[in-house]
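The values are calculated or read from the model by the stated rules, or taken from the named source; none is laboratory data. Just so it is clear, the structure is predicted and the values come from calculations on it, not from any experiment. So basically every Cβ, Gly included, is an ideal-geometry build from the backbone, and we count neighbours across all protein chains shown.
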Amino acid sequence: MRLTPHLLPSRSANLGVFLLNNSKTLNAVSLDMINCIRDALEEWIQQDNCPSGILIKSVKENGMIPAFCAGGDLKRLYEEDVTETNCRRGKPPPHASEFFRQIYLLNDYLAALTTSSMASYHVSGIPRHRNNPVVLSFWDGIVMGGGVGISIYGKYRIATERTVFAMPETSIGLFPDIGSMFWMPRMLSLPLARYIALTGRRLMPADLMYTGLATHYVPSAKLDQLEQELIVASTRDTVDPFGHVLDAFHETTNPLPDECSLAQDRKDIEKYFNNAKSVEDAMTALSASNSNTFANQTHFALSKMSPTSLKITFLGLERGAAATNIGDALRMEFRMTQGCLRTTRSNKSDFYEGVRAAVVDKDRSPLWDPATLEDVTADAIDSADLVCEGKVAMADGQASRTFCENGDIYRAGQGNDATALPLVVVVDLPVCNNSVLHAVDEVILPMM
């Protein structure tokens with residue numbers, strides 16, 4: 001098993017536990033952490049005494065911002081891959097390609113569990129894995145990007161009063177990845193999926209319960225007690241010994257319904273995003289409603305995003321919704337990531353420009369290329385200039401070690417976890433019974 005101090009696997013009774021252990025980076029997921037999770041899962045699932053459940057949680061440290069996992073190792077990818085050689089060749093840099101390849105393989109592995117939230121959408125009706133433990137996650141704090149990817153496929157996702165959820169990738173020149181193009185149109189309504197994916201809006205606990213993205217709400221002070229009860233339940237000889245325990249801890253009166261901003265904005269979300277045939281359609285409708293506060297805020301938020309990312313996301317949601325199984329959607333997304341990683345005619349990509357502006361130089365002023373939606377043509381989105389061909393075998397869990405592009409074949413590189421930084425650090429949060437969140441001083445502001 002490949003190990004890292006930032007991801008600690010353990011076992012209590014018949015409950016496997018993954019502890020995300022890098023609070024300085026808000027538990028940003030790195031390639032080493034992905035490999036460790038995958039190795040531990042494969043080892044446990046092959047055992048005769050496979051855990052009946054697997055709990056994913058994060059370390060708690062006094063004075064640190066509470067975070068389940070704030071995303072991916074973006075600064076590491078930037079520092080490894082933004083070199084003159086990589087920019088000149090116009091191909092997806094090797095470290096980032098390997099990172100995305102491995103996280104998509106992990107997504108596919110988790111989605112293939114018969115207990116997965118996406119199990120009914122997997123390509124094969126025959127269980128791939130010898131054993132199929134129930135995956136649970138304690139979403140106690142910030143949950144973004146890669147943190148969503150390692151938990152959304154679990155059967156149970158527990159929110160607390162400190163949970164803040166978002167997929168803000170359009171603000172860094174990417175798109176909501178880790179299978180979002182598939183699960184968003186299925187777990188959410190179409191207009192809500194478009195709205196959340198395009199704007200990266202922060203979702204608070206009430207929003208997560210409203211949408212069903214979180215399955216239970218438990219105050220953070222009770223998580224330790226809940227974990228002990230889950231450990232006890234794990235020894236019971238039933239297919240799912242955890243549901244009744246979670247139901248007992250679930251607080252049906254919290255969060256309060258009037259705290260759900262998505263419910264309050266539902267009519268506006270449907271009005272502007274349900275019948276839109278393109279991003280331009282949505283932007284035109286939003287700009288025509290000068291007296292509507294929601295429309296003004298949403299138009300402003302979208303105007304800050306990468307135009308290429310917005311169009312890729314809109315199209316990706318359409319294709320993801322049409323996909324017949326999650327494996328096909330994950331392969332599609334992997335190719336999309338490789339397109340986003342490639343340099344453009346200006347020898348840069350929106351992804352690396354977005355990361356530079358957000359977490360490297362922190363000037364919050366990305367220079368997108370193309371700079372407007374009108375300049376991002378449909379032909380360009382569908383062409384090899386934006387979506388390269390990539391090999392990644394999902395069916396048997398084994399991936400090709402090469403990537404193919406324009407006739408060239410080159411080997412994916414390896415990475416390590418040295419300077420992992422979170423996908424996004426959040427400030428300007430609504431009051432959510434946690435004063436620590438108000439101390440954060442770095443921010444990407446695609447959300448309203």
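Among the residues of the stretch 192-239, count how many are charged (D, E, K, R), out of contact with any Phe, Trp or Tyr (no Cβ under 9 Å at 6 or more places or on another chain) and under 30 Å from Lys304 (Cα atoms).
Final tally of qualifying residues: 0.
Could you tell me whether any residue of the stretch 244-263 is assigned to a strand (DSSP E or B) and either farther than 26 Å from Gly53 by Cβ or modelled with pLDDT of 95 or more (or both)?
Checked the stretch 244-263: no residue is assigned to a strand (DSSP E or B) and either farther than 26 Å from Gly53 by Cβ or modelled with pLDDT of 95 or more (or both).
Rundown of residues vs (1) over 23 Å from Ser189 (Cα atoms); (2) among the hydrophobic types (A, V, I, L, M, F, W, C); (3) in a loop (DSSP other than H, G, I, E, B); (4) in contact with a Phe, Trp or Tyr (Cβ under 6 Å, 6 or more places away or on another chain), yes/no style:
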site	(1), (2), (3), (4)
Tyr272	no, no, no, no
Glu280	no, no, no, no
Leu286	no, yes, no, yes
Thr298	no, no, no, no
Leu302	no, yes, no, no
Phe314	no, yes, no, no
Arg319	no, no, no, no
Thr324	no, no, yes, no
Arg335	yes, no, no, no
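Which residues, taken from the stretch 203-222, are in contact with a Lys or Arg (Cβ under 6 Å, 6 or more places away or on another chain) and either of a type in the set (A, V, I, L, M) or part of a loop (DSSP other than H, G, I, E, B) (or both)? Talk me through it step by step, then tell me what you get.
Keep residues of the stretch 203-222 that are in contact with a Lys or Arg (Cβ under 6 Å, 6 or more places away or on another chain), which gives 214-215, 220.
Hits for the stretch 203-222 are Ala214, Thr215.
Would you call Thr308 out of contact with any Ser or Thr (no Cβ under 8 Å at 6 or more places or on another chain) and surrounded by fewer than 13 Cβ atoms within 10 Å (Cβ to Cβ)?
Judged against the criteria, Thr308 is not a match.
Output the residues belonging to the stretch 10-26 that are in contact with a Leu (Cβ under 8 Å, 6 or more places away or on another chain) and modelled with pLDDT of 95 or more.
Ser10, Leu15, Gly16, Val17, Phe18, Leu19, Leu20, Asn21
Six or more apart or on different chains, Cβ atoms under 6 Å: show the pairs whose first residue is in the stretch 99-117 and more than 17 Å from Met187 (Cα to Cα) and modelled with pLDDT under 95 and whose second is basic (Lys, Arg) and surrounded by 23 or more Cβ atoms within 10 Å (Cβ to Cβ).
none
Being under 11 Å from Glu333 (Cβ atoms), crowded, with 24+ Cβ neighbours inside 10 Å and out of contact with any Phe, Trp or Tyr (no Cβ under 7 Å at 6 or more places or on another chain): is that true of Ser171 here? Explain how you work it out, then say what you get.
Working: under 11 Å from Glu333 (Cβ atoms): no; crowded, with 24+ Cβ neighbours inside 10 Å: yes; out of contact with any Phe, Trp or Tyr (no Cβ under 7 Å at 6 or more places or on another chain): yes.
For Ser171, the condition - under 11 Å from Glu333 (Cβ atoms), crowded, with 24+ Cβ neighbours inside 10 Å and out of contact with any Phe, Trp or Tyr (no Cβ under 7 Å at 6 or more places or on another chain) - is not met.
Go through the residues of the stretch 29-47 one by one and say whether even a single one is under 17 Å from Tyr104 (Cβ atoms), in contact with a strand residue (DSSP E or B) (Cβ under 7 Å, 6 or more places away or on another chain) and acidic (Asp, Glu).
From the stretch 29-47, those under 17 Å from Tyr104 (Cβ atoms) are 29-39, 41-42; that's our starting set.
Restricting the remaining residues to those that are in contact with a strand residue (DSSP E or B) (Cβ under 7 Å, 6 or more places away or on another chain) gives 29, 32-33, 36-37.
After this cut, where a residue has to be acidic (Asp, Glu) as well, the list is 32.
There is at least one residue in the stretch 29-47 that is under 17 Å from Tyr104 (Cβ atoms), in contact with a strand residue (DSSP E or B) (Cβ under 7 Å, 6 or more places away or on another chain) and acidic (Asp, Glu).
Before we move on, is Asp207 under 22 Å from Met336 (Cβ atoms), of a type in the set (Asp, Glu) and touching a helix residue (DSSP H, G or I) at 6+ places or on another chain (Cβ under 8 Å)?
So Asp207 fails the test.
Given the options Asp48, Asp39, name the one that is farther than 30 Å from Ala221 by Cβ, more than 21 Å from the chain's Cα centre (by Cα) and not polar (S, T, N, Q).
Details: Asp39 fails: more than 21 Å from the chain's Cα centre (by Cα).
Sole residue among the options that is farther than 30 Å from Ala221 by Cβ, more than 21 Å from the chain's Cα centre (by Cα) and not polar (S, T, N, Q): Asp48.
In the stretch 9-38, what count of residues is obtained for those that are assigned to a helix (DSSP H, G or I) and hydrophobic (A, V, I, L, M, F, W, C)?
5
Just for the stretch 45-66: of the residues that are out of contact with any helix residue (DSSP H, G or I) (no Cβ under 7 Å at 6 or more places or on another chain) and farther than 14 Å from Leu8 by Cα, which one is surrounded by the most Cβ atoms within 10 Å (Cβ to Cβ)? Before the answer, list the steps.
If we filter the stretch 45-66 for residues that are out of contact with any helix residue (DSSP H, G or I) (no Cβ under 7 Å at 6 or more places or on another chain), which is where we start, we get 45-49, 52, 54, 56-58, 60, 62-63.
Going one step further and asking which of them are farther than 14 Å from Leu8 by Cα, we end up with 45-49, 52, 62-63.
On the way: Ile45: 19, Gln46: 11, Gln47: 10, Asp48: 6, Asn49: 9, Ser52: 25, Asn62: 5, Gly63: 7.
Step by step, filter the stretch 45-66, then rank; the result is Ser52.
Of all the residues that make up the stretch 200-232, how many are surrounded by 15 or more Cβ atoms within 10 Å (Cβ to Cβ) and free of Cβ contacts under 8 Å to residues at least 60 places away in the same chain?
Total satisfying the criteria: 9.
All but one of (1) under 22 Å from Leu317 (Cβ atoms); (2) assigned to a helix (DSSP H, G or I) hold for Phe165; which doesn't?
(2)
May I ask you to say which residue of Ser365, Ser349 is at pLDDT 90 or above, touching a helix residue (DSSP H, G or I) at 6+ places or on another chain (Cβ under 9 Å) and of a type in the set (Ser, Thr, Tyr)?
Exactly one residue qualifies, and that residue is Ser365.
Check off (1) within 30 Å of Arg342 (Cα to Cα); (2) in contact with a helix residue (DSSP H, G or I) (Cβ under 9 Å, 6 or more places away or on another chain) for Cys36 and give me the number that stays unchecked.
Failing condition for Cys36: (2).
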